[in-house]
Amino acid sequence: MSEQLDHPPVLDADGGTLRVDLSEADARFRQWMHENLGHAAVHFGLTVAGQARLGWLDRSISAPVQAAGRWLWLRVVSEDKQWTGGDFWTGNLDANVFATLPKPQVLDVYEWEEWRQQRAEVMTLAPGSPCSPTDILRHAIDLPDEWWAELRTAIEVVAATQTDRVHADQALITGRIQQHFGNSVNPVVRQWETVHGDLHWANLMGPDFMLLDWELWGRGPAGTDAATLLCHSLLVPETAERVRDAFGGVLDTDAGQLAQLYVASRLLHRVQKGDHPDLAGPLRKLVETL
């Protein structure tokens, strides 16, 4: 999925960037996303029965819904049509191949075009609550050994699954690593596997284990998922240590160390854009150890 600005910059006659109050435009966009959710619910004959949640950069909206007394989950994602040809667009539906894993199953899909391309997915409802309200963990979390064992099993099952889907290719990895580390790191990936690709704390459910949001799954560097969870845990050292305990056999390998550099470079790129400034120091400290 391409990285892009939420709003394009507005330039003056000399090419300088003008300051623009985007709060009103953001409010209108969010209202439009709520209308998209209502439109999809009507299409499927569902009743929105809980608070709607907007996703990253407001590009998606989700809510619990009901149909004939059954609780389900409805998600609508909105994207510029030029970006809808990638694997991410069908990731949740394609992930139905993982029928034995604790994850939501997509039951139905509906697409329509209105300014942007909209995709609505009805899926089974995941019990419990996300381990964190944001992707970066900022509070200590107590999860049983059984939870960690299920997480390891799920990642192993995903890694062993063959697919033509691509999470990240060599060109993307090389570009991201060289952007932050120059030529000090050899970016060539020698071991590939299938990865979830977005293994952070807002996509993990507790107290019963379940893994959400399969948009980005596909082939990537071995160790990507363990590295992703570690990097999203760095603000809570005891949890980061628990991740190392669970995935030390992966993280300590050459492939796992390269995966950590790749994930750290991705997050440092987001830090440069203004996301998670408090993560910059811990990420750089991790990189120094590698």
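The values are calculated or read from the model by the stated rules, or taken from the named source; none is laboratory data. Given the structure is predicted, the values throughout are model-derived calculations rather than measurements. We place every Cβ from the backbone using ideal geometry, glycine too, and count neighbours over all the protein chains shown.
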Being over 27 Å from V76 (Cβ atoms) and crowded, with 24+ Cβ neighbours inside 10 Å is the filter here, so list the residues in segment 206-228 that pass it.
P221, G223, T224, A226, A227
Testing T47 on (1) surrounded by fewer than 16 Cβ atoms within 10 Å (Cβ to Cβ); (2) modelled with pLDDT under 95; (3) of a type in the set (S, T, Y), one condition comes back false. Which one is that?
(2)
What is the residue count in segment 180-207 for residues that are in contact with a helix residue (DSSP H, G or I) (Cβ under 7 Å, 6 or more places away or on another chain) and polar (S, T, N, Q)?
2
Residue by residue through segment 189-202, note down the ones that are closer than 18 Å to A159 by Cα and either modelled with pLDDT under 95 or of a type outside the set (D, E, K, R) (or both).
V189, Q191, W192, T194, V195, H196, G197, L199, H200
How about segment 264-290: which of its residues are of a type in the set (G, A, S) and at pLDDT 95 or above?
A264, S265, A280, G281
Taking W201, is it touching a residue at least 24 places away in the same chain (Cβ under 8 Å), outside the structural domain of F29 (by TED's automatic domain parsing) and surrounded by 22 or more Cβ atoms within 10 Å (Cβ to Cβ)?
yes
What are the residues in segment 178-188 that are at pLDDT 95 or above and either touching a Ser or Thr at 6+ places or on another chain (Cβ under 6 Å) or among the small types (G, A, S) (or both), if any?
P187
